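Remarks on the structure that follows.
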Amino acid sequence: MNGEHVIVVGLGFGDEGKGAVVDALCADGSVTGVVRFNGGAQAAHNVVAGGRHHTFSQFGSGTLAGVPTWLSRHVLVEPIALATESRELEAVGVTDPLSMVSIDAQALLTTPIHVAANRARENARGADRHGSCGKGIGETVWYGLLGERGARRGDVVEEQRVPGEPGPAPVVGDCLDPHALRRKLDVLAKFYEPLTGAVANVDELVALYRSFADAVRITTGDEAGRLADAGRLVFEGAQGVLLDETYGFHPHTTWSTVTPRNARALLNGRPARVLGVTRTYQTRHGAGPLPTEDQAVAARFPEAHNGTGEYQGAWRAGHLDAVLLRYAVECCGGVDGLAVTHLDAQGLKVATSRTQLEDMPDPVAYLEDLLGVEVLVTGTGPSRADYAVRENPRHDRVDAGVGGRDRAPV
């Protein structure tokens with residue numbers, strides 16, 4: 001895959017191993033930038049490399065490999081969380097992390113006001129929770145929609161009643177203009193008071209966001225095109241296709257386009273390979289359907305970096321679901337290759353239908369046959385040393401003289 005732009009997309013409900021795959025792609029020095037094309041601060045992409053571990057949220061997962069990040073206009077940016085993540089990266093040896101980040105001026109801002117509203121709504125749902133991460137993601141998108149649709153107090157937009165009179169949504173570029181930012185934040189705070197009460201000091205937020213604007217590079221124009229023409233990019237997706245706002249299973253979805261659509265739009269016709277990421281078994285974090293769920297699977301494959309979240313809920317696992325995997329690939333418009341993680345798991349089964357479970361002794365062979373594409377990245381453990389990028393697996397298997405069944409990484 002050398003020299004090609006790559007779009008990394010999760011084919012499950014998230015937590016497929018996208019962060020480790022992005023890190024593996026960046027490790028050889030061929031990648032000049034990681035582009036985030038959806039989601040926001042709710043991402044949790046784990047990378048373990050050289051004795052260091054970090055859970056990436058807004059920084060791209062190529063950071064430990066020295067690759068800078070660009071947050072596109074499709075990302076919801078939470079400056080307070082970004083500053084916290086920067087300090088965490090400094091603690092594991094990354095020098096001046098914020099200098100490695102640039103952000104599109106049109107990216108929506110997620111504020112403490114959005115976060116409070118998100119949590120208030122999720123708390124009110126009780127047993128009918130959607131499985132929100134409680135990070136304000138949906139609320140940020142929803143408020144941005146109100147202006148586009150000309151919504152007024154009392155209207156119902158996306159099944160939620162409008163509690164006040166909305167204004168234009170704050171964006172990253174507003175952080176360069178304290179007066180414009182204050183106007184937008186004043187309206188935002190008043191809008192949400194019926195739901196949250198007073199939860200933020202607007203003057204403090206303005207000062208904080210102005211400091212944020214001084215610490216990162218804010219971009220305008222076709223930055224994606226400039227970056228793509230200057231070097232090789234990896235587009236890092238967040239969440240999984242089965243949570244996509246269009247193709248997921250409502251209401252247990254994310255307010256985000258998880259498929260490659262945003263990345264393709266940013267590339268504007270430039271070629272790229274779509275790399276779909278899957279575990280060798282199915283997982284889900286929080287509420288929502290998991291047809292192959294099996295508590296025995298969760299017990300056999302304990303998670304080092306995932307647990308029960310206050311808002312998101314419990315970590316869950318089950319057998320690989322071939323039906324959902326094919327569906328996810330179709331939602332993407334097809335994929336050009338696969339990254340398969342957790343290949344160290346043993347005794348695997350796959351659900352080939354809603355009632356049929358089969359043994360899966362060789363996940364790589366099974367997945368290549370099922371989806372008709374090659375496995376280009378393999379992961380057999382949590383660290384970078386456990387990952388291999390396979391540049392020409394078909395050629396390697398022929399050279400090995402084993403009729404297409406040698407799976408040795410290159």
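The values are calculated or read from the model by the stated rules, or taken from the named source; none is laboratory data. From a predicted model like this one, the values you see are computed outputs, not experimental measurements. Heads up, the Cβs are rebuilt from the backbone with ideal geometry, glycines too, and the neighbour counts pull from every protein chain shown.
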May I ask you to list the residues in segment 37-88 that are out of contact with any helix residue (DSSP H, G or I) (no Cβ under 9 Å at 6 or more places or on another chain), part of a helix (DSSP H, G or I) and without any contact (Cβ under 8 Å) to a residue 12 or more places away in the chain?
-> Thr84
Do you know which residues across segment 331-378 are in a loop (DSSP other than H, G, I, E, B), more than 26 Å from Ala27 (Cβ to Cβ) and small (Gly, Ala, Ser)?
-> Gly333, Gly334, Gly347, Ser353, Gly372
Every pair of residues 6+ apart whose Cβ atoms lie under 6 Å, when the first sits in segment 229-249 and is touching a residue at least 12 places away in the same chain (Cβ under 8 Å) and within 13 Å of Ala272 (Cα to Cα) while the second is assigned to a helix (DSSP H, G or I) and among the β-branched types (Val, Ile, Thr) | Val234/Val22; Glu236/Val22
Which residues, taken from segment 17-40, are buried (at least 20 other Cβ atoms within 10 Å of the Cβ) and of a type in the set (A, V, I, L, M, F, W, C)?
-> Ala20, Val21, Val22, Ala24, Leu25, Cys26, Val31, Val34, Val35, Phe37
Go through the residues of segment 320-327 one by one and say whether even a single one is hydroxyl-bearing (Ser, Thr, Tyr), touching a helix residue (DSSP H, G or I) at 6+ places or on another chain (Cβ under 9 Å) and more than 18 Å from Gly240 (Cβ to Cβ).
-> no
Taking segment 154-177 as the search range and keeping residues that are in contact with a Leu (Cβ under 9 Å, 6 or more places away or on another chain) and exposed (fewer than 15 other Cβ atoms within 10 Å of the Cβ), which one is farthest from Ala215 (Cα to Cα)?
-> Asp155
Only residues that are surrounded by 24 or more Cβ atoms within 10 Å (Cβ to Cβ) and modelled with pLDDT of 95 or more: list them for segment 41-53, please.
-> His45, Val47
Members of segment 192-228 found to be over 29 Å from the mean Cα position of the chain (by Cα) and under 22 Å from Arg161 (Cβ atoms), listed by number | Glu193, Pro194, Gly197, Ala198
If we scan segment 4-14, do we find a residue that is of a type in the set (Asp, Glu), buried (at least 23 other Cβ atoms within 10 Å of the Cβ) and out of contact with any helix residue (DSSP H, G or I) (no Cβ under 6 Å at 6 or more places or on another chain)?
-> no
Taking Gly19 as the residue in question, decide whether it is outside any strand (DSSP E or B), closer than 14 Å to His342 by Cβ and at pLDDT 95 or above.
-> yes
In this structure, is Val92 modelled with pLDDT of 95 or more and crowded, with 20+ Cβ neighbours inside 10 Å?
-> no
State whether one or more residues within segment 146-162 are under 24 Å from the mean Cα position of the chain (by Cα) and of a type outside the set (Val, Ile, Thr).
-> yes
Residues in segment 181-217 that are within 19 Å of Ala117 (Cα to Cα) and assigned to a loop (DSSP other than H, G, I, E, B) total 5
When you look at Gly29, is it closer than 28 Å to Thr283 by Cα and without any contact (Cβ under 8 Å) to a residue 60 or more places away in the chain, yes or no?
-> no
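For every residue, the table says whether it meets (1) out of contact with any His (no Cβ under 6 Å at 6 or more places or on another chain); (2) within 20 Å of Val206 (Cβ to Cβ).
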{"site": "Thr140", "(1), (2)": "no, yes"}
{"site": "Leu145", "(1), (2)": "yes, no"}
{"site": "Ala151", "(1), (2)": "yes, no"}
{"site": "Val156", "(1), (2)": "yes, no"}
{"site": "Arg161", "(1), (2)": "yes, no"}
{"site": "Gly167", "(1), (2)": "yes, yes"}
{"site": "Pro170", "(1), (2)": "yes, yes"}
{"site": "Asp177", "(1), (2)": "yes, yes"}
